[in-house]
Amino acid sequence: MMLRFYRLGHEYFTEKLSESLTDWIEDPAVALRTFVDLERFGFRYIDRISSLVAAEYVAELERRQTQARAERDDVVRALLAGERVDIARSERVLSHRLTGRQIGFVCWVDERGVDLEGFARRVGRFLGAGHSLVVADGPLAVWGWASITGDVETFLTGMATEIPGERDNVHLAVGSPHPGAAGFRTSHLEALRTRRIIELSGRAAPSITRFSDVALVDAISRDLDAARAFVAAQLGALARDDAKERGERAALLAVLDAQGSLATAASALGIHRNTVLQRVRRAEERRGRPATINIAELHAALLVCDVLGASVLPDSSRH
């Protein structure tokens, strides 16, 4: 608006000058030179003052944005630290509702070149939020929150099918929905723990992972040395990072997931039922005891191996 005021003023000055100059100066050549000189001065003045006004406007805008970011970051820090906050003020500063179900998510890439903040806002929309809170976590990651009312799984399924190109290089870790300001923190921590699992697994982008899908693996692998010892104790010689052992572990896990159904396991793996049975028997031989012994512990160890792979195998020294 201020720059437009200067432009309109210059236009008015030019109009009045052209109307009055011939009344002041009788010689047309002198009048023309005077008009050109005055217009040149006017243009230079408007250019100079416009530049100063624009620079001051940008500086003030940056000051306000910096202040707004600082206030936002302070509120986010307080929420994540579990501090008591003024909910109404926090919602106003964040432009984010804290009274509904909160879901936190993390988006990250290995290299620059992706509009992560824009991607995160699209994730928020797919989660059912008209507006999502997005905070940068360095140049290669962003944290996001959405206040939701619908089913997370449905939204994420839709996202995976509708924007495949945009997420080719992006990992997405999503926490579970939790209510209120406490849920803001809890869901975020779940998303961070989900990211840790994905990075430990070495999974390539793109990936979309919910905390609920890896919660057990997260709990068991908090201490990696303890997780490796647990896997070794439950699997014995089956805990090797070789192709045969991987196939046998996959077959045994599929059977346990299917509650003992070889047909269901075969369908899930895309192999013949007899092949599943053979691999399960070899897996039991390598383990040194039947799959029915300590079945819950066995199932957990197989699941951890399936998700984290070599990271939790006893002979692994990658991490």
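Do the conditions hold for Arg69, that is, is it outside the structural domain of Phe184 (by TED's automatic domain parsing) and more than 19 Å from Gly138 (Cα to Cα)?
Against the criterion (outside the structural domain of Phe184 (by TED's automatic domain parsing) and more than 19 Å from Gly138 (Cα to Cα)), Arg69 does not qualify.
Only one of Arg92, Arg112, Arg125, Arg84 is among the charged types (D, E, K, R), within 18 Å of Ser176 (Cα to Cα) and out of contact with any Phe, Trp or Tyr (no Cβ under 6 Å at 6 or more places or on another chain); which?
Arg125
What number of residues within the range 198-211 are in a helix (DSSP H, G or I) and either touching a strand residue (DSSP E or B) at 6+ places or on another chain (Cβ under 6 Å) or not assigned by TED's automatic domain parsing to the domain that holds Ala141 (or both)?
1
Arg195 is checked against (1) outside the structural domain of His178 (by TED's automatic domain parsing); (2) assigned to a helix (DSSP H, G or I) and fails just one. What number does that condition carry?
All conditions are met except number (1).
I'd like to check which helices (runs of 4 or more DSSP H) are fully inside the range 214-319 and have at least 1 residues that are free of Cβ contacts under 8 Å to residues at least 12 places away in the same chain and among the β-branched types (Val, Ile, Thr).
Of the helices (runs of 4 or more DSSP H) lying wholly inside the range 214-319, those with at least 1 residues that are free of Cβ contacts under 8 Å to residues at least 12 places away in the same chain and among the β-branched types (Val, Ile, Thr) span 262-269.
Surrounded by 15 or more Cβ atoms within 10 Å (Cβ to Cβ) and either in contact with a Pro (Cβ under 9 Å, 6 or more places away or on another chain) or over 15 Å from Cys305 (Cα atoms) (or both): does that describe Ile208?
yes
For residues in the range 84-129 being touching a residue at least 60 places away in the same chain (Cβ under 8 Å) and assigned to a loop (DSSP other than H, G, I, E, B), which is farthest from the chain's Cα centre (by Cα)?
Per the stated criteria, the residue is Val85.
The values are calculated or read from the model by the stated rules, or taken from the named source; none is laboratory data. Since we're looking at a predicted model, the values are computed, not measured. So basically every Cβ, Gly included, is an ideal-geometry build from the backbone, and we count neighbours across all protein chains shown.
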